[in-house]
Amino acid sequence: MTVDQVIAISGTPGTGKTAVGRALATRIDAEFIELGQVVKDQQFHHGEDSSRSTLIADTDELQDYLVSQFQQTKKQFVVVGHFADLVPKEYLAVLIVLRCHPITLMQRLAARQWSSKKILENVQAEILGTCISDGLGQHSRDRIFEIDTSDSSVEKEVATIEAILAGSGKEYAIGKISWLRTLEPQLIHQIMEDRQLPSPSQKA
């Protein structure tokens with residue numbers, strides 16, 4: 001494995017990480033790793049968070065596992081998961097953070113029949129840009145890019161990532177997507193302060 005051969009794709013659940021990651025891996029003939037599945041298959045967790053119906057990932061074990069995989073081959077990897085930022089910087093080419101308008105995200109998660117509490121937590125995380133903040137805690141700004149998937153397609157998003165990898169990612173530099181700037185203040189207050197989801201019929 002050589003330096004800069006891992007494309008990490010992060011984002012709030014519902015932004016399209018898995019579909020985009022699989023399509024990209026197929027397109028560039030890369031190995032595909034879905035972190036949530038690895039946590040389950042390898043039992044890299046500390047049990048379940050029953051209030052959220054999610055496993056509590058052991059990120060140290062997961063990171064060690066990733067490094068062992070990277071060192072076994074010279075192939076590229078596409079690693080997806082909302083904590084994909086844990087890919088060590090010495091292996092990272094880019095960290096792509098997929099974003100989605102909070103109303104659209106709410107509708108996508110509701111279609112999965114998630115609980116209102118779980119949807120609310122993820123919509124709040126998207127508004128705050130939590131995955132961007134996590135990425136900045138591990139990697140330099142010039143390696144992190146964000147793509148709005150609210151009204152897009154997997155094919156278009158894969159093409160955008162290929163353009164970023166080719167050096168044409170300036171317009172996707174972090175900081176250009178801010179739901180705090182674009183959402184109505186009343187809606188932000190309802191979601192963040194009152195902890196209430198808007199009507200599912202509300203338009204994005």
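The values are calculated or read from the model by the stated rules, or taken from the named source; none is laboratory data. What you are looking at is a predicted structure, and each value in this text was computed from that prediction instead of being measured. With ideal geometry, Cβ positions are generated from the backbone for all residues, glycine too; neighbour counts draw on all protein chains shown.
So Glu121 clears everything in (1) of a type in the set (D, E, K, R); (2) without any contact (Cβ under 8 Å) to a residue 40 or more places away in the chain; (3) farther than 18 Å from Ala8 by Cβ except one condition, right? Which one?
(2)
Just checking, which of Arg99, Arg108 is in contact (Cβ under 8 Å) with a residue 60 or more places away in the chain, over 17 Å from Ile191 (Cα atoms) and touching a Ser or Thr at 6+ places or on another chain (Cβ under 9 Å)? Write out each step before concluding.
On the way: Arg108 fails: over 17 Å from Ile191 (Cα atoms).
Matching residue, one of Arg99, Arg108: Arg99.
So Gln190 passes all but one of these: (1) part of a loop (DSSP other than H, G, I, E, B); (2) surrounded by 13 or more Cβ atoms within 10 Å (Cβ to Cβ); (3) not aliphatic (A, V, I, L, M). Which condition number does it fail?
Status for Gln190: all satisfied but (1).
Can you tell me which residue among Ala159, Ala93, Ala166, Ala204 is modelled with pLDDT under 95 and within 20 Å of Ala23 (Cα to Cα)?
On the way: Ala159 fails: modelled with pLDDT under 95; Ala93 fails: modelled with pLDDT under 95; Ala204 fails: within 20 Å of Ala23 (Cα to Cα).
Sole residue among the options that is modelled with pLDDT under 95 and within 20 Å of Ala23 (Cα to Cα): Ala166.
Name the one entry in Phe83, Phe44 that is at pLDDT below 90, crowded, with 18+ Cβ neighbours inside 10 Å and closer than 19 Å to Asp142 by Cα.
Details: Phe44 fails: closer than 19 Å to Asp142 by Cα.
Testing whether each residue is at pLDDT below 90, crowded, with 18+ Cβ neighbours inside 10 Å and closer than 19 Å to Asp142 by Cα leaves just Phe83.
So which helices (runs of 4 or more DSSP H) are wholly in segment 79-175 and hold at least 1 residues that are β-branched (Val, Ile, Thr) and over 12 Å from the mean Cα position of the chain (by Cα)? First the steps, then the outcome.
On the way: elements: 102-111, 116-128, 130-136, 154-165.
Those helices (runs of 4 or more DSSP H) span 102-111, 116-128, 154-165.
Mind checking whether some residue in segment 10-27 is assigned to a strand (DSSP E or B), of a type in the set (S, T, N, Q) and at pLDDT 85 or above? Give the steps one after another, and end with the answer.
If we filter segment 10-27 for residues that are assigned to a strand (DSSP E or B), which is where we start, we get 10-11.
Add one more test, that the residue is of a type in the set (S, T, N, Q), and what stays is 10.
Going one step further and asking which of them are at pLDDT 85 or above, we end up with 10.
Looking through segment 10-27, at least one residue is assigned to a strand (DSSP E or B), of a type in the set (S, T, N, Q) and at pLDDT 85 or above.
If we scan segment 122-130, do we find a residue that is surrounded by 12 or more Cβ atoms within 10 Å (Cβ to Cβ) and closer than 22 Å to Thr26 by Cβ?
Looking for residues that are surrounded by 12 or more Cβ atoms within 10 Å (Cβ to Cβ) and closer than 22 Å to Thr26 by Cβ, one finds none in segment 122-130, hence no.
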